[in-house]
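What follows is a short report on a single structure.
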Amino acid sequence: MKLEKFYDHIKAQKPIVFNSEIHHFMVAVSDEARRITAELNNTYRTPTEIMALMSELTGRTVDKSFVMFPPFYTDFGKNIVIGKNVFINSGCRFQDQGGISIGDGTFIGHNAVLATLNHGIAIKDRRDTYPQPIQIGQNVWLGANVTITPGVTIGDGAIIAAGAVVNRNVAAYTIVGGVPAKLIRALTPAERE
């Protein structure tokens, strides 16, 4: 199977049936992601080395403005798109099979979890997974220990308070927090600059 066929399957949000061809492909790509993240996380890496390893991991050239503090974990890697001037703090975990897009100027705090797969609810379907993308707009700030669930879109300029669990879309230029995350307030015009 080719990566493009996997992307087509995921974009259609079709289930990944356990033990199917697409499931085996996903597991093989996951093995590569574990190898690269082990290389990234198990010794000091310069910023240039981090950019090179993240480019290898994602299969896309990471912009020279990208900054990350390892460790960083992902169980796929090839479905992450990172914009310019993005900062990812240490301990983040991305489950990116369903697709994670991070807009320019976004800050992601310590230990954030971005999950793009759900399992089936019925016991007989629990080994199957259901992909949905996470889309993060530009100039978003995710606080420490934030969890973003499958299918969530976060609008430009939004702030997600530390510890929040975001299970629905977040409007642009708002602050949300809590479990589940709820609107705290909108940013003022001065705060949007």
Fraction of antiparallel bridges per DSSP, the chain only, in percent to nearest 5
20
Overall dimensions of the chain as given by Cα atoms, namely Rg and Dmax in Å:
16.6, 53
Please state the charge dipole magnitude for the chain, taken about the Cα centre, from unit charges on C-beta atoms (+1 on K and R, -1 on D and E), reported in debye and rounded to the nearest 20.
360
Amide H contacts under 5 Å for VAL81, restricted to residues at least 5 apart in sequence or on another chain and with H modeled in the peptide plane, are ILE100, SER101, ILE102
Using a Gaussian network model of the chain whose springs link C-alpha atoms within less than 10 Å, name the residue from GLU32, GLU56, GLU21 with the highest mean-square fluctuation.
GLU21
Can you list residues whose amide H is under 5 Å from THR174's amide H, if they're 5+ apart or on another chain and H is modeled 1.01 Å from N?
ALA158, ILE159, LEU187
Two-site label geometry, THR43 and ALA28: point separation in nm, points 7 Å out along Cα→Cβ
2.9
Within the chain, helix-based [θ] at 222 nm, where runs of 4 or more DSSP H residues each add -39,500 (n - 2.57), nearest 500:
-7000 deg cm²/dmol
So which DSSP H runs in the chain come out at 18 Å plus along the axis (Cα) with average Kyte-Doolittle of at least 0.0?
none
Pick from ARG93, ARG60, ARG126: which is most flexible by mean-square fluctuation in a GNM of the chain where alpha carbon atoms under 10 Å apart are linked?
ARG126
Let me know the number of lysine pairs in the chain closer than 26 Å at the Cα, not counting same-chain pairs under 8 apart.
12
Counting heavy atoms of the protein chains only and a 1.4 Å probe, report the per residue accessible area for the chain as a whole number of Å².
51
Considering only GLN97, GLN13, GLN132, give the residue with the highest GNM mean-square fluctuation for the chain, with springs between Cα atoms whenever their separation is below 10 Å.
GLN13
What's the FRET efficiency of ASP8 with ALA162 using the Cβ-Cβ distance as r and R₀ = 25 Å, to the nearest 0.05?
0.10
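The values are calculated or read from the model by the stated rules, or taken from the named source; none is laboratory data. Please read these numbers as outputs of a predicted model, since none were measured by experiment. Neighbour counts run over all protein chains shown; Cβ positions are idealised from the backbone, glycine included. To get the accessible areas, we keep the full protein, side chains included, count just its heavy atoms, and leave off ligands, DNA and RNA. Shrake-Rupley method; radii C 1.70, N 1.55, O 1.52, S 1.80 Å.
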